[in-house]
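Everything on this sheet refers to the single structure shown next.
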Amino acid sequence: MSEFQGTIGRTLADSEPHWMEPPHPGSDAPNVVIVLLDDTGFAQLGCYGSDIDTSNIDALAAGGVQFTNFHVTPLCSPTRAALLTGRSQHAVGMRGVSNWRTGFPHQLGHISNSAATIAEVLHHEGYATFCTGKWHLAPTTDISAAGPFDQWPLARGFDRFYGFLEGETDQFHPELVRDNTHITPPAGPEDGYHVSEDLVDQLLMMVNDSKGVRPDRPFFAYLPFGATHAPHQAPQDYLDKYRGRYDEGWDIHRERWYARQREMGVIADNAVLAPRNHGVEAWDDLPDAQRRLACRLQEAFAAFLDHTDDQIGRFVDGLRDMGELDNTVFVLLADNGASQEGGPFGVMHEMKFFNGVLESPEEAIERIDDIGGPNSHTNYPWGWAQCGNSPFRWYKQNTHEGGVHVPMIMHWPARLAEQAGTKRTQFVNVSDITPTIYDLLGIVPPDTYRGIAQMPVTGHSFAAALDDPGAPAANTLQYFENAGSRALITELDGAWWKAVTKHNQGDDYDTEPWELYNLTDDPSECADLAGERPERLGELIDLWWREAERNGVLPLDDRTIELFAAHLSEQSPHRPDRRYAYRPPMSPIPAQGSPPLGGFAFDFAARVTMSAGDEGVLWSTGTQNSGCSVFVQNGRLVVDYNAFDDHTIVESVIEVPEGEHALGFRLQRDSRSSGWVEVSIDGEPCGRESIPFYMRMVSSVGSSIAHDHGSPVSTRYAAPYAFTGELHDVAIEVPSRTSVLEAEAAAAAELARQ
């Protein structure tokens, strides 16, 4: 009642009402849309030089303002944190992906509550707020149906959410969440389903629901696609469209894209094409099998991006049809450069790479027609990734330009009609986007939010540059850091300078070499001036350390596998005793919250009551491409250990009796690469098989209880193959890593993944 400003008498006649109106940004306030692409390099959009059909994005650039000197962080979660808060990613607690927490303020695994997101601020101002797509901003141990939900989208300012919470998902069988509830996808690939289409369908519905009832209320829509992060998957007609397109190879196409970039003016005339990165071979020197595989993998990427562009076009058309496009601030960007995680050859199944398996092209092309479809989890090789980052060096994860220099477009006909089709060369960082939107909307971010004092918004508004191509850059000093790789860009003496070091895990931070570039003369970092200008390099290194201290970057930390232990607490899904107990019915459990099957011994036990003819899955984890499933079929207990479509199947030599029984299996490693699986009924072993390849990282898709969620792990049934008997409970125990073999396997897997 404290906000009531009327008077209350004994009767209505001597009382005065007061109407408490909710906040409203005004009848002419624009909508705001941010579309985020994942792992998309500077050259990969058509309007930035490629031959990939991105006509809808190109139309946004032609009708808006195209930025050619836009920078992000080298990794997805940090870019998202800086984008949504307008602050340094380290300062808000997201130096790396949200899969880890380290006990230091710069890696909370979520955005600090002292840094309100743009969704929270705009919601407070009266906007409707929607998000569909990839979140990856909550600790991944907290994204199961058990929560906690305090860092899920609905708790960070969004009215509605539809998408996935992890860093990647299968595009045909996604792990979906609606608001705060895990759900089953509405269809499968056999029905023509693809998650990118679903995301746009859902976002259009949210906007229509809001505008249909409250046309006066503007909306903020955040659409972070899974595309073009691996797995590269697209409908077959898109794959067919690019068949044979890249047979000339990455050297010719990189030269061609570079020439187009110069013709289109997205790079300066003095920008040279960087030499091939270490590990990228000349196309003409490659064996035929390697070329065939690489071409097909690039075709899948192009098809994936083309398909995503069409979904963006559908959303733009939807806004136009409802009369909202002209007064919508529409921002499109990528979160980091093209990915290096496909390795030198590319991969049919990315989890093979994370398991340290470099599948030979000769092996991979035996399934070449699976590439891009539901039976693959592909990523392209380094050569195509560098082509996508043209004209720059290196990739995602690196602080060189290839990792941090990406496309960005702003489109707002009501404000930018006279600037349509123009380009901006001013230096802009991802943390500058939200302050610019606040500036355009006339919003001052709050000093406190929900009673919590807020850290200052440190990004720089570039609103002046939207109206004036010649306006000076608002941001003239920007640091970068990822897992010890560091860089700093600043303007000094009329030129833009960059100091950068590419850190390798374990190297000495104080003695590893730094490089120095004059980006004004050398935008693609090809002429290292460190030896010629040591005083300038020293000046920039000192600046980096000062910026690092100011923005909470320290301590420098390049750990990977060591961080797993941070999850072992009573207040997480992974208890110190490594025991897991489940009772159906349960929602699927995301991978980071599931028992760790890869690289460890693994004991499973289920209490069931069986009747004649009962069958179905008791527990499963993974997908049709890799995973493990235990089920009852034809009266027998069966385990299918699917190591990248190489199935080890063990079946009990006796039938499961009727009544209540304990059904179990045990997995055990016996060497660095092999192991065995044994099934038991009521504690008595009754079947055993050797596992030729014992996986140490199984899948980005987690566990299901009493059914198989998503694509079927085993070829012996169709999902979900729900258990028809009574499953009382499931108990899983993962013994401590007592062997050196298991510790080495786990470490290698995490090093590969990170």
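Those residues that are over 14 Å from the mean Cα position of the chain (by Cα) and either in contact (Cβ under 8 Å) with a residue 60 or more places away in the chain or closer than 20 Å to Ile705 by Cα (or both), I need them from the stretch 131-155; list them, please.
If we filter the stretch 131-155 for residues that are over 14 Å from the mean Cα position of the chain (by Cα), which is where we start, we get 131, 141-155.
The answer is Cys131, Thr141, Asp142, Ile143, Ser144, Ala145, Ala146, Gly147.
When both residues are 6+ apart or on different chains and their Cβ atoms are under 7 Å apart, which pairs have a first residue that lies in the stretch 684-703 and is closer than 13 Å to Leu667 by Cβ, and a second that is surrounded by fewer than 24 Cβ atoms within 10 Å (Cβ to Cβ) and among the basic types (Lys, Arg)?
Tyr694/Arg669
The conditions are (1) out of contact with any strand residue (DSSP E or B) (no Cβ under 6 Å at 6 or more places or on another chain); (2) within 30 Å of Leu416 (Cβ to Cβ), and Glu532 fails exactly one of them. Which is it?
(2)
Residues in the stretch 655-663: is at least one closer than 24 Å to His574 by Cα, touching a strand residue (DSSP E or B) at 6+ places or on another chain (Cβ under 8 Å) and surrounded by fewer than 23 Cβ atoms within 10 Å (Cβ to Cβ)? First the steps, then the outcome.
Narrowing the stretch 655-663 to residues closer than 24 Å to His574 by Cα: 662-663.
Checking which are touching a strand residue (DSSP E or B) at 6+ places or on another chain (Cβ under 8 Å) leaves us with 662-663.
From what is left, the residues that are surrounded by fewer than 23 Cβ atoms within 10 Å (Cβ to Cβ) are 662.
Looking through the stretch 655-663, at least one residue is closer than 24 Å to His574 by Cα, touching a strand residue (DSSP E or B) at 6+ places or on another chain (Cβ under 8 Å) and surrounded by fewer than 23 Cβ atoms within 10 Å (Cβ to Cβ).
Which of the residues spanning the stretch 263-315 are part of a loop (DSSP other than H, G, I, E, B), free of Cβ contacts under 8 Å to residues at least 60 places away in the same chain and surrounded by fewer than 16 Cβ atoms within 10 Å (Cβ to Cβ)? Don't jump to the end; show me each part of the working.
We begin by selecting, within the stretch 263-315, every residue part of a loop (DSSP other than H, G, I, E, B); these are 265-282, 286-287.
From what is left, the residues that are free of Cβ contacts under 8 Å to residues at least 60 places away in the same chain are 269, 278, 282, 286.
Within the stretch 263-315, Asp269, His278, Ala282 meet the criteria.
Do we have Pro105 as out of contact with any Pro (no Cβ under 9 Å at 6 or more places or on another chain), crowded, with 24+ Cβ neighbours inside 10 Å and over 11 Å from Met408 (Cα atoms) here?
For Pro105, the condition - out of contact with any Pro (no Cβ under 9 Å at 6 or more places or on another chain), crowded, with 24+ Cβ neighbours inside 10 Å and over 11 Å from Met408 (Cα atoms) - is not met.
Name the residue that is nearest to the chain's Cα centre (by Cα), counting only residues in the stretch 523-565 that are farther than 26 Å from Ala82 by Cβ and charged (D, E, K, R).
This residue is Asp528.
In this structure, is Ser98 among the hydroxyl-bearing types (Ser, Thr, Tyr) and surrounded by 24 or more Cβ atoms within 10 Å (Cβ to Cβ)?
In short, yes.
Return yes when Pro523 is crowded, with 19+ Cβ neighbours inside 10 Å and under 30 Å from Gly675 (Cα atoms) and no when it is not.
No, not satisfied.
To keep it simple, each residue is scored yes or no on (1) under 36 Å from the mean Cα position of the chain (by Cα); (2) among the acidic types (Asp, Glu).
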residue	(1), (2)
Asp640	yes, yes
Arg666	yes, no
Arg669	yes, no
Val679	no, no
Val698	yes, no
Pro712	yes, no
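In this structure, does Val121 turn out to be under 18 Å from Asp557 (Cβ atoms) and β-branched (Val, Ile, Thr)?
Details: under 18 Å from Asp557 (Cβ atoms): no; β-branched (Val, Ile, Thr): yes.
For Val121, the condition - under 18 Å from Asp557 (Cβ atoms) and β-branched (Val, Ile, Thr) - is not met.
Report yes if some residue within the stretch 67-84 is more than 18 Å from the chain's Cα centre (by Cα), under 20 Å from Pro224 (Cα atoms) and among the charged types (D, E, K, R); otherwise report no.
Checking the stretch 67-84: not a single residue is more than 18 Å from the chain's Cα centre (by Cα), under 20 Å from Pro224 (Cα atoms) and among the charged types (D, E, K, R).
Rundown of residues vs (1) surrounded by fewer than 19 Cβ atoms within 10 Å (Cβ to Cβ); (2) assigned to a helix (DSSP H, G or I); (3) in contact (Cβ under 8 Å) with a residue 12 or more places away in the chain, yes/no style:
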site	(1), (2), (3)
Glu197	yes, yes, yes
Asp201	yes, yes, no
Val207	no, yes, yes
Lys211	no, yes, yes
Pro215	yes, no, no
Phe220	no, no, yes
Ala227	no, no, yes
Gln233	no, no, yes
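For the stretch 1-19, enumerate the residues that are of a type in the set (Ser, Thr, Tyr) and either at pLDDT 95 or above or in contact with a Cys (Cβ under 9 Å, 6 or more places away or on another chain) (or both).
Thr7, Thr11, Ser15
Looking only at residues in the stretch 159-191 that are touching a strand residue (DSSP E or B) at 6+ places or on another chain (Cβ under 8 Å), assigned to a strand (DSSP E or B) and surrounded by fewer than 19 Cβ atoms within 10 Å (Cβ to Cβ), which one is modelled with the highest pLDDT?
Ranking the candidates gives Arg178 first.
Please note which helices (runs of 4 or more DSSP H) are completely contained in the stretch 349-435 and include at least 2 residues that are in contact with a Phe, Trp or Tyr (Cβ under 6 Å, 6 or more places away or on another chain).
Output list reads 382-388, 401-404.
Which of the numbered conditions does Trp619 fail, given that it passes all the others? Conditions: (1) aromatic (Phe, Trp, Tyr); (2) touching a strand residue (DSSP E or B) at 6+ places or on another chain (Cβ under 6 Å); (3) not in a strand (DSSP E or B).
Status for Trp619: all satisfied but (3).
Provide a single number: the residues in the stretch 611-623 that are touching a residue at least 60 places away in the same chain (Cβ under 8 Å) and surrounded by fewer than 24 Cβ atoms within 10 Å (Cβ to Cβ).
Residues in the stretch 611-623 being touching a residue at least 60 places away in the same chain (Cβ under 8 Å) and surrounded by fewer than 24 Cβ atoms within 10 Å (Cβ to Cβ): 5 in total.
Taking the condition in a loop (DSSP other than H, G, I, E, B) and either among the hydrophobic types (A, V, I, L, M, F, W, C) or more than 30 Å from Thr399 (Cα to Cα) (or both), does Gly323 pass?
Working: in a loop (DSSP other than H, G, I, E, B): yes; either among the hydrophobic types (A, V, I, L, M, F, W, C) or more than 30 Å from Thr399 (Cα to Cα) (or both): yes.
Judged against the criteria, Gly323 is a match.
Has the stretch 567-575 got at least one residue that is crowded, with 24+ Cβ neighbours inside 10 Å and either without any contact (Cβ under 8 Å) to a residue 40 or more places away in the chain or not assigned by TED's automatic domain parsing to the domain that holds Thr184 (or both)?
no
Do we have any residue at all in the stretch 380-401 that's free of Cβ contacts under 8 Å to residues at least 60 places away in the same chain, out of contact with any helix residue (DSSP H, G or I) (no Cβ under 7 Å at 6 or more places or on another chain) and small (Gly, Ala, Ser)?
Within the stretch 380-401, none of the residues are free of Cβ contacts under 8 Å to residues at least 60 places away in the same chain, out of contact with any helix residue (DSSP H, G or I) (no Cβ under 7 Å at 6 or more places or on another chain) and small (Gly, Ala, Ser).
Sort through Phe42, Phe104, Phe67 and tell me the only one that's under 19 Å from Ser339 (Cα atoms) and of a type in the set (Phe, Trp, Tyr). Break it down into steps so the answer makes sense when it comes.
Values: Phe104 fails: under 19 Å from Ser339 (Cα atoms); Phe67 fails: under 19 Å from Ser339 (Cα atoms).
None of the others qualify; the one that does is Phe42.
A quick yes/no check of all residues on (1) touching a strand residue (DSSP E or B) at 6+ places or on another chain (Cβ under 6 Å); (2) modelled with pLDDT under 95:
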{"residue": "Leu286", "(1), (2)": "no, no"}
{"residue": "His307", "(1), (2)": "no, no"}
{"residue": "Arg314", "(1), (2)": "no, no"}
{"residue": "Thr328", "(1), (2)": "yes, no"}
{"residue": "Leu333", "(1), (2)": "yes, no"}
{"residue": "Glu363", "(1), (2)": "no, yes"}
{"residue": "Glu366", "(1), (2)": "no, yes"}
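If you go through the stretch 332-348 one residue at a time, how many are surrounded by 22 or more Cβ atoms within 10 Å (Cβ to Cβ) and over 17 Å from the mean Cα position of the chain (by Cα)?
Adding up the residues that qualify gives 4.
Only one of these is among the aliphatic types (A, V, I, L, M) and under 21 Å from Asn375 (Cβ atoms): Val653, Val713. Name it. Steps first, please.
Numbers: Val653 fails: under 21 Å from Asn375 (Cβ atoms).
When all the criteria are applied, what remains is Val713.
With respect to the numbered conditions (1) in a loop (DSSP other than H, G, I, E, B); (2) surrounded by 16 or more Cβ atoms within 10 Å (Cβ to Cβ), which one is the sole condition not fulfilled by Asp247?
(2)
The values are calculated or read from the model by the stated rules, or taken from the named source; none is laboratory data. Keep in mind it's a predicted model, so treat the numbers as computed, not measured. Note: ideal-geometry Cβ built from the backbone for every residue, glycine included; neighbour counts use all protein chains shown.
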